[in-house]
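A.B. asks: Please see the structure below; I have some questions.
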Amino acid sequence: MTDHTYEVSVRWTGDRGTGTSGYRDYGRDHEVTAPGKHAIAGSADPAFRGDRDRWNPEEMLLGALAQCHMMSYLYVAVQRGFTVVDYEDTATASLDVHRDGTGEVTEVTLRPVVTVLEADRVADAEAAHAEANRLCFIARSVAFPVHHTPATKVRAAG
């Protein structure tokens, strides 16, 4: 087994001159960086006084799940011998916030639309999502269900 470690840095950029002197007195802007990569402009969700033009943590979690499933799915496609020529996903997450200010993501639904070359492999392409979910490191690490509502298309011969 190989262990991997990852490092990211988060730097708050939302000090408006008075720090956190009050809930409305500071910005939620921040940058997420990793060695050798460009910064990701982050903030809180607008419902929590954040900037809607920046990525919020909930979107980043959802994006990580969608990316991980896609990468796992493409691997499974190679292993099972069908050819993916297009993959798109429109994923959603549900967040419950409680009166005391705590909360949690309660579920995620991935909606991958996969295009394959082989018309006789559509069933295999649909079934591969379960294996991709089993393999996805991020899905295996979260404490909420990750649902899948896949669709499979076949590229027309042309």
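A.B. asks: Can you name every residue in region 24-40 that is small (G, A, S) and either surrounded by 13 or more Cβ atoms within 10 Å (Cβ to Cβ) or within 21 Å of D53 (Cβ to Cβ) (or both)?
C.D. replies: If we filter region 24-40 for residues that are small (G, A, S), which is where we start, we get 27, 34, 36, 39.
Matches in region 24-40: G27, A39.
A.B. asks: Charged (D, E, K, R), surrounded by fewer than 17 Cβ atoms within 10 Å (Cβ to Cβ) and within 24 Å of T149 (Cα to Cα) - does that describe any residue in region 10-23? Step through it out loud before you land on a result.
C.D. replies: Within region 10-23, the subset charged (D, E, K, R) is 11, 15-16.
With surrounded by fewer than 17 Cβ atoms within 10 Å (Cβ to Cβ) added as a condition, the list becomes 11, 15-16.
This time we only want the ones that are within 24 Å of T149 (Cα to Cα), so: none.
No; the residues of region 10-23 include none that is charged (D, E, K, R), surrounded by fewer than 17 Cβ atoms within 10 Å (Cβ to Cβ) and within 24 Å of T149 (Cα to Cα).
A.B. asks: Here is a further query. Tell me which of these H69 doesn't satisfy, since it passes every other one: (1) free of Cβ contacts under 8 Å to residues at least 60 places away in the same chain; (2) touching a Leu at 6+ places or on another chain (Cβ under 9 Å).
C.D. replies: (1)
A.B. asks: Taking the condition of being open to solvent by less than 70 Å² (accessible area, probe 1.4 Å), part of a helix (DSSP H, G or I) and polar (S, T, N, Q), how many residues in region 61-108 meet it?
C.D. replies: 1
A.B. asks: Looking at A34, A123, which is the one that is modelled with pLDDT under 95, within 25 Å of A139 (Cβ to Cβ) and out of contact with any helix residue (DSSP H, G or I) (no Cβ under 8 Å at 6 or more places or on another chain)?
C.D. replies: Numbers: A123 fails: modelled with pLDDT under 95.
Answer to the check: A34.
A.B. asks: Please verify whether region 120-127 includes one or more residues that are surrounded by fewer than 16 Cβ atoms within 10 Å (Cβ to Cβ), closer than 24 Å to F144 by Cβ and under 16 Å from the mean Cα position of the chain (by Cα).
C.D. replies: Initially, region 120-127 is screened for residues surrounded by fewer than 16 Cβ atoms within 10 Å (Cβ to Cβ), giving 120, 122-123, 126-127.
Right, trim to closer than 24 Å to F144 by Cβ and you get 126-127.
Imposing the further condition that a residue be under 16 Å from the mean Cα position of the chain (by Cα) reduces the set to none.
No; the residues of region 120-127 include none that is surrounded by fewer than 16 Cβ atoms within 10 Å (Cβ to Cβ), closer than 24 Å to F144 by Cβ and under 16 Å from the mean Cα position of the chain (by Cα).
The values are calculated or read from the model by the stated rules, or taken from the named source; none is laboratory data. All figures in this text were calculated on a predicted structure; none of them were measured in a lab. Cβ: placed from backbone, ideal geometry, glycine included. Neighbour counts: every protein chain shown. Each accessible area value is taken on the protein alone, full model and side chains, heavy atoms only, with ligands, DNA and RNA left out. Shrake-Rupley method; radii C 1.70, N 1.55, O 1.52, S 1.80 Å.
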